[in-house]
Every structure is written in C-alpha cells, then in structure tokens.
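**Q** Please find one structure pasted underneath; my questions will follow.
The values are calculated or read from the model by the stated rules, or taken from the named source; none is laboratory data. None of these values were measured; they are calculated from a predicted model. Cβ: placed from backbone, ideal geometry, glycine included. Neighbour counts: every protein chain shown.
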Amino acid sequence: MSAKRLAVFVVLVLVLVCCAVAQDSSSLWLVNQLSFTVGRSFVSTQSIENDAYPTDPDPRIHFGKPATVEFNYSRLLRTHKIFGLYAELPVAIYPRMNLNTYENQIPKDVGALFVTPSARVNIFTADSVTPWVSLGAGYGRFREAPLRNYYGPNPGPTGNNTVVLQVGAGLDAWFWRRWGVRFELRDFYSGLPDYTVDTSRSRQHNYYVGAGVAHRF
C-alpha cells in the first residue's frame, strides 16, 4: 500500500472513530485541551547517490537541529477504565533547517509545516500524570531555499507538498486543575524536500522532541 493510500485510510478510520464515540463526550467536563510546546527537530544524515563530484570526500547531506514549535488541539471522546481516547490536531513548524554538503549542490536550508489529524490514547486519564501515544496522518509542506548552500541559485523548486504519517508518545503532568506541562516525542514521516540530488530515498523521518504548557477546559 502506498503512503498516500495509507494516509487516506488512517484519516478515514479516525473520522469513523470520532463519529462513533463523539456523542459519549457530551456529559464530560474539561474535555478540550490546548498545548504549545517548543523543542528541536532531527533528521538523519543522508548519503548522496551518483554524486556529480566523483572526488567528493563526504558525499552526504548533513542536517541542522532547528528550533521547532508544535500547537495542538484535542478533544476527549471517550473513557474506559484508565484509558481516554482523544481526537487531536498536531501542527508542527520549523521555519529553517540548515543543510550542508562538502560540495555546492543542495539548497541552503529547508523549512517545514506538518498538519496531522490523529487519535491519541491516554493512560490514567483522570490522574495528574498521564502518559499517551498518538497515531495519525495528514499534510506536509516543505520550503526550499532559493540559493544553494555556498553560492548561486537553487535550480530546483522552492516548495513542495507531501503526505505525512505521524507517530508520537508523551507525558502530560497536571499540576493545577486546568494547567499542566507536556513532554512529547513525535515522528513526522514524510516525503522528501527537493534536495536536487539523489539520496535513493522517497521518504524521511522528521523527529521532534519538545516540552511546553497544556491547558484544559
């Protein structure tokens, strides 16, 4: 199954789950949550295939670790014993991730936006400390710099869209009735920006680690 078909399937399943249990949440209190976290994004080094520079001593793309923000809205749909099912919308942004190669052959930097409707399951939902896992799929947008990493214009496009799969885990700690903190790790598994070189890959992991504030109402 292609990534695009898998993403569509995941989104449809999430919609059906939300529709099936939404009526059960009407009697619950403080069912909405907003969170804002700040952290870093990480992408693993990628090797360049069929390098245009045969004497290149380091034919790899190296990635910076840019500051990243993630906004999240979620709604509690159902509880069962110690578990709580949420529909959530994570939105993650890193404006600029620096790129580097030994030779002048890739964009200077890229930026990214990920929007991935997801289902989240919390454990010990009613307690002050609640770990969780999340799964979803959605839309991604990459921005490629108009310049190459050392000099000259970037011959490739400066923007492209992609399907994103999202897997995450985290921990919410509610120190006050309505306010708490969130620690999270998410993997936004996406297509590639246009690096203008061949890395023999069609997708990449964009790992996000962050912490911030959460509010429920």
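**Q** When only residues in region 35-59 that are of a type outside the set (Gly, Ala, Ser) and part of a strand (DSSP E or B) count, which is nearest to Tyr207 (Cα to Cα)?
**A** Ranking the candidates gives Phe42 first.
**Q** Let me ask you something else. How many residues are free of Cβ contacts under 8 Å to residues at least 24 places away in the same chain and under 22 Å from Met97 (Cβ atoms) when one looks only at region 39-87?
**A** Number of matching residues: 1.
**Q** While we're here: For the list (1) surrounded by 21 or more Cβ atoms within 10 Å (Cβ to Cβ); (2) farther than 26 Å from Trp176 by Cα, I need the number of the one condition that Trp132 fails.
**A** (2)
**Q** Do you know which of the residues in region 59-74 that are β-branched (Val, Ile, Thr) and surrounded by 19 or more Cβ atoms within 10 Å (Cβ to Cβ) is nearest to Leu135 (Cα to Cα)?
**A** For region 59-74, the residue satisfying everything is Thr68.
**Q** For the structure I just gave you, tell me whether Val110 is at pLDDT 95 or above, assigned to a strand (DSSP E or B) and surrounded by fewer than 21 Cβ atoms within 10 Å (Cβ to Cβ).
**A** no
**Q** From Asn72, Asn98, which residue is touching a Gly at 6+ places or on another chain (Cβ under 7 Å), assigned to a strand (DSSP E or B) and either polar (S, T, N, Q) or modelled with pLDDT under 95 (or both)?
**A** Matching residue, one of Asn72, Asn98: Asn98.
**Q** Additional query: For region 190-199, give me the residue count where each residue is touching a residue at least 60 places away in the same chain (Cβ under 8 Å) and under 21 Å from the mean Cα position of the chain (by Cα).
**A** Adding up the residues that qualify gives 5.
**Q** Out of the residues in region 75-95 that are among the charged types (D, E, K, R) and assigned to a strand (DSSP E or B), which is surrounded by the fewest Cβ atoms within 10 Å (Cβ to Cβ)?
**A** Arg75
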